[in-house]
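Novice: My questions all concern the structure below.
The values are calculated or read from the model by the stated rules, or taken from the named source; none is laboratory data. For clarity, every value in this text was computed on a predicted model and none was experimentally measured. Here the Cβ positions follow ideal geometry from the backbone for every residue, glycine too, while neighbour counts run over all protein chains shown.
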Amino acid sequence: MDAQMVMRQALSLGFDLVGIIAARPPDTYDRYREWLAQGYHGEMGYLARPDAVAKRADLNRILPGVRTVIVVAVNYLTASPDCSGDPSRGCISRYAWGDDYHDILLARLRRLAELIEEQVGHAVVGRAYVDTGPLLERAMAVEAGLGFIGKNTNLIHPGLGSWLFLGELLLTVEIPTSVAAGRKGGCGKCTRCLDACPTGALIAPYRLDARRCISYLTVENKGPIPDEMRPLLGNRIFGCDICQEVCPWNRRFARPTDDAAFRPRAELLAPPLVQLMELDDAGFRRLFHGSPIKRAKRRGLLRNVAVALGNWGDPAAIPVLRRALHDPEPLIREHAAWALARIGL
């Protein structure tokens, strides 16, 4: 099996980085267990389920007979206006500006599996994951030579930065390991990400308390946002990129992708908060069809929008927030009431 040919095929499919490693437990497994024991995963119970924990320790529990893992990364950085200076508009994390990256990368990984089958001349059992499987994917990416883990806990490639989607293809066929030819790097004494995090989620270098992370609070968290955290969210309504935006590796080396699949949708670049707060179920489905934002559901997104409107504090938000007091969703009603109180009503 020609590892270099597999890597060339992966690059031809649109992946920017690729490495091939043996299927074995990552060296960081014990740190992952410690992170769970501290409760830093919050309500993300799927990370702590016994079966999921066991699968991260033994990939054979995911795919019996697995021999090889192909780890890939795609640059998703696109140029755009900065939303942080206009509190009447919502900030959406870069990864959600375009079509759902899960669908894009999974299709490419499955095509890569087909090409490998053609190369070996027989059926190959494989399983593809993009950000959803029971894998310690950043640790795998480091082992595959795709970068290093920064103090913000993100994977950073010295030549591309951290605006990267990761994917993995588990295979029962053995392919010689072939680590990506990337320069090693590190954070040195830099603490810009820790200093910039508005909620203090980066409690120490390389240690994230998800319960305080804006990305967790606005996406993974399904219930009310804690009162003390709401003012700290500003106008960030889906995810957060602050720790990446301040990173020197991104400021110096990241470059916009030329992959048309990640072209932003114009309506998702700093959308007006008042307009979003008006969305009914049909409008939400129409606007976010095929978008990662649909993961938050209408109740979650409008919860976030209500908080952002309260943080904006402009009386122009009062009419739409008053209407939201009668929304069928209790979660939306409660956050709209908080926003009105914050404005001064």
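Novice: Here are 78, 68: which of them is of a type in the set (S, T, N, Q), buried (at least 18 other Cβ atoms within 10 Å of the Cβ) and touching a residue at least 60 places away in the same chain (Cβ under 8 Å)?
Specialist: 68
Novice: Moving to a separate point now. Could you grab me the full set of residues in segment 1-21 that are outside any loop (DSSP other than H, G, I, E, B) and within 25 Å of the chain's Cα centre (by Cα)?
Specialist: Result: 7, 10, 11, 12, 17, 18, 19, 20, 21.
For (1) among the aromatic types (Phe, Trp, Tyr); (2) in contact with a Phe, Trp or Tyr (Cβ under 9 Å, 6 or more places away or on another chain), each residue gets a yes or a no:
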site	(1), (2)
101	yes, yes
124	no, no
130	no, yes
134	no, yes
149	no, yes
164	no, yes
175	no, no
178	no, no
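Novice: Tell me the helices (runs of 4 or more DSSP H) entirely within segment 232-345 that contain at least 1 residues that are over 22 Å from residue 220 (Cβ atoms) and assigned by TED's automatic domain parsing to the domain that holds residue 199.
Specialist: Details: elements: 242-245, 248-253, 273-277, 281-287, 297-312, 318-324, 330-343.
Answer list for segment 232-345: 248-253, 273-277, 281-287, 297-312, 318-324, 330-343.
Novice: A further question follows. From the list 189, 184, which one is surrounded by fewer than 20 Cβ atoms within 10 Å (Cβ to Cβ), free of Cβ contacts under 8 Å to residues at least 24 places away in the same chain and over 18 Å from the mean Cα position of the chain (by Cα)?
Specialist: Of the residues listed, the single one that is surrounded by fewer than 20 Cβ atoms within 10 Å (Cβ to Cβ), free of Cβ contacts under 8 Å to residues at least 24 places away in the same chain and over 18 Å from the mean Cα position of the chain (by Cα) is 189.
Novice: Right, something else. Of all residues in segment 227-250, which are surrounded by fewer than 21 Cβ atoms within 10 Å (Cβ to Cβ) and on the phi > 0 side of the Ramachandran plot?
Specialist: Within segment 227-250, just 234 meets the criteria.
Novice: Can we say residue 116 is outside any loop (DSSP other than H, G, I, E, B), over 18 Å from the mean Cα position of the chain (by Cα) and more than 30 Å from residue 268 (Cβ to Cβ)?
Specialist: So residue 116 fits the description; yes.
Novice: Shifting gears a bit: Can you find even one residue in segment 126-147 that is among the acidic types (Asp, Glu), assigned to a helix (DSSP H, G or I) and closer than 25 Å to residue 13 by Cα?
Specialist: yes
Novice: Okay, next question. When only residues in segment 4-42 that are exposed (fewer than 13 other Cβ atoms within 10 Å of the Cβ) and acidic (Asp, Glu) count, which is nearest to residue 165 (Cα to Cα)?
Specialist: That would be 27.
Novice: Follow-up. Out of all the residues in segment 122-148, which are closer than 27 Å to residue 198 by Cβ, over 15 Å from the mean Cα position of the chain (by Cα) and surrounded by fewer than 22 Cβ atoms within 10 Å (Cβ to Cβ)?
Specialist: 148, the sole residue that qualifies.
Novice: Additional query: Any residue in segment 84-99 that is in contact (Cβ under 8 Å) with a residue 60 or more places away in the chain sitting within a Cβ distance under 9 Å of a residue that is among the acidic types (Asp, Glu) and outside any loop (DSSP other than H, G, I, E, B)? List the pairs, counting only those 6 or more apart or interchain.
Specialist: Listed by first residue and then by second, the contacts come to 84/245.
Novice: Does segment 167-177 include one or more residues that are of a type in the set (Ser, Thr, Tyr), surrounded by 15 or more Cβ atoms within 10 Å (Cβ to Cβ), in a strand (DSSP E or B) and at pLDDT below 95? I'd like the intermediate steps shown before the answer.
Specialist: We begin by selecting, within segment 167-177, every residue of a type in the set (Ser, Thr, Tyr); these are 172, 177.
The next check asks that each one be surrounded by 15 or more Cβ atoms within 10 Å (Cβ to Cβ); those that pass are 172, 177.
Pick out the ones that are also in a strand (DSSP E or B) and you get none.
Checked against the condition, which is being of a type in the set (Ser, Thr, Tyr), surrounded by 15 or more Cβ atoms within 10 Å (Cβ to Cβ), in a strand (DSSP E or B) and at pLDDT below 95, segment 167-177 yields no hits at all.
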